Amino acid sequence: MKRVLLLLTFSFMAATVQAVEPALLIEARRARAESIPQVAIQKLRTLLKAKDLSDDVRRAASHELAGALLAGGEIEEALWVIQPLADSGKKTARLLQADILAHAGRWLEALPIYLELTDPADVAAMAQVGSAECFQALGQTAQAIEVLVKFTAAHPDNTGARLRLAGLFVDAKNLARARALLQAATPRRPGDEKWKKYIEGRVLLASDQAAPALVLFEEVLHDLTEVSESLLFGVTLGSLEARSVLNGYESADGVLEKFISRYPGSPYLAAAFRRLDEVYEQEEHPSESELKKNALKGPLRRAALAQYYLARMYLRVNKPEKSANALEIFVQSYPTHPLLPMVHLMQADDFLKRGALPDAVQALEAAMREAKGDEERAAIELRTALVHYRQGEGLLAANSFHRAAQWSRKLRANAIFDAALADLSLRNYERFTEDYHALNTEYPGSPLLSSLVLEEGFTQARFGDPRASDTLDLFLHHFPNHPRQNEARLALAELALQDGDRSSTAQYLQVVNASAPDAESTERAAYLAVFAADAESPPAPAKVIGLANKFIEHFPHSAFLPEVRMKLGQIYFGTGDHANAETQFTLLARESPATTYAETALFLAGQAATRWIDAGAVDRALGLFDEVVKRDGALKLYARQQQAIVQSKLGKESEAVTIYDAILTAQPPPDPDLRYAALCGKGDNLVLLGRAVPAQLDAAIDVYDFLAALPEVTPVWRNQALYKKGRTLELLKRQPEALTAYYDVLEKSAAEGREFFWYYKAGFDAAALFEKQEDWKSAIGIYRKMATLAGPRAAEAKARLNQLRLDRFIWD
């Protein structure tokens, strides 16, 4: 099949060979001309193994080999072979390098090479056409038109170029120019006749005549003789669009699926997958079977693209486990693929959606390491900033927003705006002012400016800054027609009320009421009243409860309802009214199952159910925690932990151990603290089981040993594990080993990061055990060790030390 856009097949010798050309070189050229590239490749490889080749012949043979490899579809090796010749500055070698890149669909890499070659007389024409092809493939239609307009002016007899220019005018929706070029074009070759038929079909399709357009496209597809790769893809897309107009996308996707199956080496393969993904997005029930099939078989390029778009489909149809698995397979299978940054971005978005912020950070760092273009880097920085912001790391968020603004002009305004908001979260008003001035200088009419002034006032009010009133007044006077004027007035009313200025409070509220506030302002005022009451000092839980219940009554369908129910549930929980707390949390989860609050609400409802006496409370708690588990969100493993705790309280230690094992073997693994808690909980339940089966005590000791030996374990968990190991050894009547475990708690406690609860429990228990054995000197040694270390019970240890010395007359 001929190359895209124009019939540019050519053969080149790097230099005129002064001696007689080797027979293998002549035979290789002949085989390539006969479209048998594999024979040409074999002969050229044999020739290049010869040690007595002249430099000219070696260069000519290498150039010919690169062309043969391209014809044979061995793209990566073709690039490797042509690279030294291209680096030497030979124009024809650079052109072939660009052709290879374009054939691989690597348009961004091919384009700058073509552009640098548009002047040299020997390659200019082919480079100009190549650059037009790249522009078109990259969706830069205007630039492609500009190149071909100049080319056809210089080469008026080139019918193929004029036809392709007509196609570009169709892309640009300039049907008049397209028709004029078609009318003037007189095809001289079969390939040009098919191009003309294709463009005529495009014009018909753009003129809402899908049926006759489809007839023309199918005529071209029926006989692919003299059909170039770009024409084949264009006709395929035309057939797809015509079929979708006539019968819907479900009847059209097979056209692209067939193209992908039959032409895995097409330079338009990536574009085909991209368009197929768009088609699947329009379908109600897209099939994943074709993507899965292509992802599992070669060639490599098609498999990688299929895997990428399979992951995209899973994300789009909300199949988180499948999408996460598909993305991880891509990362492991294609570690150098150009789409890798986008895959890491998709992973980050998936982690963000599930609230797994540390995992999102890792994915974004990986994406940045692989990023190639400025727009990619800007998108990564924006996601990184969002993660930092959600983690409460305002400074890191602001810095990432600023970097995104530097990378991308397209994203600059929003990135500066977001940076300014991050500055506000830090109350860094100096840097906020710099961002505001930058936005005002570059985008003086942007509506983002007024929003920044209002957000500055809200931030100042939130943190009790005395400048809040002035900032909000500035907003009212400078932006009198802003739709959020009432929000500013309500904020000012709250500030006045906090200052005890009842007159100003009444004045602002009167203005709000006189302005015939819309329902949103009224609703917002009631919503803010709940949280304003919650922020009062001293706390007024009854007031918050009253305002929250009133809000729920008046605004049962409000977007703020989940937040208000969450706050109401938290207040009930904090006041010990666990029954009402459970009710509010459960209602929140049932009414708003898709909100970010739903998972937390279910978890808290379960916790509330475990805290009040009711015959069915335990069963409800287990059911609520099970709902959290099924959501597979950030709290899944914590819900498992709560289930284990409940089972243990019910005396079902075996069930608790099973649940703890599920936590410990989960993928992704639990957070460190949850892992430590699960290990400790498992050990505790094994000890309880050991009452009936002593062998379980040995299993518990193994768990405690494992926990204590973990490299990064914190002092609290290490000391707890060692202490509980000692208690278990006492149950087994292995006092010497128990004493060693207690001593290890004292010995391993460092001067920094010390904890005291388990430290003193181990120390005093060890001393008591020594006293029980009448080993007074050892007991004194333990007390001395605790008394020497500054801590809350050091004085108690010292007193016990002195008393024991007095009682036993031991002073050495």
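Only one residue of Y334, G355, P320 has its Cα farthest out toward the positive end of the dipole of the range 231-369, where Lys and Arg carry +1 and Asp and Glu -1 on Cβ, and that residue is Y334. Across the range 715-811 the C-alpha pair distances fall into 10 Å bins from zero in the proportions 18, 50, 28, 4 percent. With viscosity set to 1.002 mPa s and temperature to 20 °C, compute the Stokes-Einstein D of the range 554-625, Rh being the Kirkwood radius across alpha carbon pairs; µm²/s, no decimals. Once the numbers are plugged in, D ends up at 180 µm²/s. Report summary: the helix-based calculation at 222 nm, which adds -39500 (n - 2.57) for every DSSP H run with n ≥ 4 and divides by the residues of the chain, gives -24000 deg cm²/dmol. Give, to the nearest whole percent, the P(r) tail of the range 515-604 beyond 19 angstrom, counting all Cα pairs. Taking all Cα-Cα pairs of the range 515-604, the fraction more than 19 Å apart is 38 percent. Using the alpha carbons alone, the radius of gyration of the range 133-254 stands to its Kirkwood radius in an Rg to Rh ratio of 0.96. Here the spin labels are modelled as points 7 Å beyond Cα on the Cα-Cβ line, and at H478 and E553 they lie 4.2 nm apart. Protein heavy-atom surface of the range 659-803, 1.4 angstrom probe: 55% of the accessible area is carbon and sulfur, with nucleic acids and ligands not counted.
Can you tell me the 0 to 90 degree angle between the C-alpha axis of helix 672-689 and the longest principal axis of the chain, rounded to 10? On a 0 to 90 degree scale, this one is about 50.
Over 20 Å apart at the Cα level, from the set K630/K682; K297/K353; K725/K748, are K630/K682; K297/K353. Taking R0 as 56 Å, what's the FRET efficiency between V331 and F809 from their Cβ-Cβ distance, rounded to 0.05? Computed FRET efficiency for V331 and F809: 0.20.
The modelled label-to-label distance between R462 and L688, using points 7 Å beyond Cα along the C-beta direction, is 4.3 nm. In summary, the aspartates and glutamates within cross-link reach of K649, defined as a Cα separation below 13 angstrom excluding same-chain residues under 8 places away, comprise D619, D684.
The mean sequence distance of close C-alpha pairs (under 8 Å, at least 6 residues apart), as a share of the length of the chain, puts its relative contact order at 4 percent. Cross-link partners for K777 among the lysines, with Cα-Cα distance under 18 Å and sequence neighbours closer than 8 places in the same chain left out: K785, K798.
P(r) tail, the range 248-335: Cα-Cα pairs separated by more than 22 Å, 20% of all pairs. What the pair-distance distribution of the chain shows, using all Cα-Cα distances binned every 10 Å from zero, is 2, 9, 13, 16, 16, 14, 12, 9, 5, 2, 1, 0, 0 percent. Taking 19 Å as the straight-line reach from the Cα of K293, the lysines in range (excluding those fewer than 8 positions away in the same chain) are K258, K319, K322.
For D671, put the label point 7 Å out on the Cα→Cβ axis and report which residues of the range 560-604 keep their amide N under 16 Å from it. Under cut-off, by backbone N: 599-601, 603-604. A Förster radius of 45 Å combined with the Cβ-Cβ distance from H155 to K292 puts the calculated FRET efficiency at roughly 0.45. Decide, for the range 109-172, between rounded, prolate and oblate: order the square roots of the alpha carbon gyration tensor eigenvalues as a ≥ b ≥ c, take rounded if a/c falls under 1.5, and otherwise choose prolate if a/b is larger than b/c, else oblate. Oblate shape, in that a/c is at least 1.5 and b/c is the bigger or equal ratio. Residue ranking by accessible heavy-atom surface, 1.4 Å probe, largest first, among Y429, Y638 comes out as Y638, Y429. Rg and Dmax over the alpha-carbon atoms of the range 622-693 stand at 11.8, 37 Å.
Projection of the Cα convex hull of the range 529-667, averaged over all directions and equal to a quarter of that hull's surface, yields 9.1 nm². Once the Cα atoms are used to define both axes, helix 190-206 deviates from the longest principal axis of the chain by about 50 degrees.
Under a point spin-label approximation (7 Å from Cα along Cα-to-Cβ), what is the E796-L246 distance to one decimal in nm? My value for the distance between the label points is 8.8 nm. Under the criterion of Cα pairs below 8 Å and six or more residues apart, the relative contact order for the range 131-223 equals 20 percent.
Computed over the range 267-420, the Cα gyration tensor eigenvalues convert (square root of 5λ each) into semi-axes of 29, 16, 15 Å, ordered from largest to smallest. For the range 23-171, the alpha-carbon coordinates run over 53, 30, 27 Å along the three principal axes, in decreasing order. With R₀ fixed at 41 Å, the C-beta to C-beta distance from R754 to V317 puts the FRET efficiency at about 0.20. Based on alpha carbons, the Rg and Dmax found for the range 181-220 are 10.1, 30 Å.
Given a 1.4 Å probe and the protein chains as shown, D208 ends up with an accessible area of around 140 Å². Taking the range 181-211 and a reference point 7 angstrom along Cα→Cβ of E218, the backbone N atoms nearer than 17 Å belong to 198, 201-202, 204-205, 209-211.
Judged by the mean number of other Cβ atoms found within 10 Å, the most tightly packed of the peptides 461-473, 45-57 leads the ranking 461-473, 45-57.
The values are calculated or read from the model by the stated rules, or taken from the named source; none is laboratory data. From a predicted model like this one, the values you see are computed outputs, not experimental measurements. Using ideal geometry, Cβ is built from the backbone for each residue, glycine included, and neighbour counts are taken over all protein chains shown. Please note that ligands, DNA and RNA were not included when accessible areas were found on the heavy atoms of the full protein model with its side chains. Shrake-Rupley method; radii C 1.70, N 1.55, O 1.52, S 1.80 Å.
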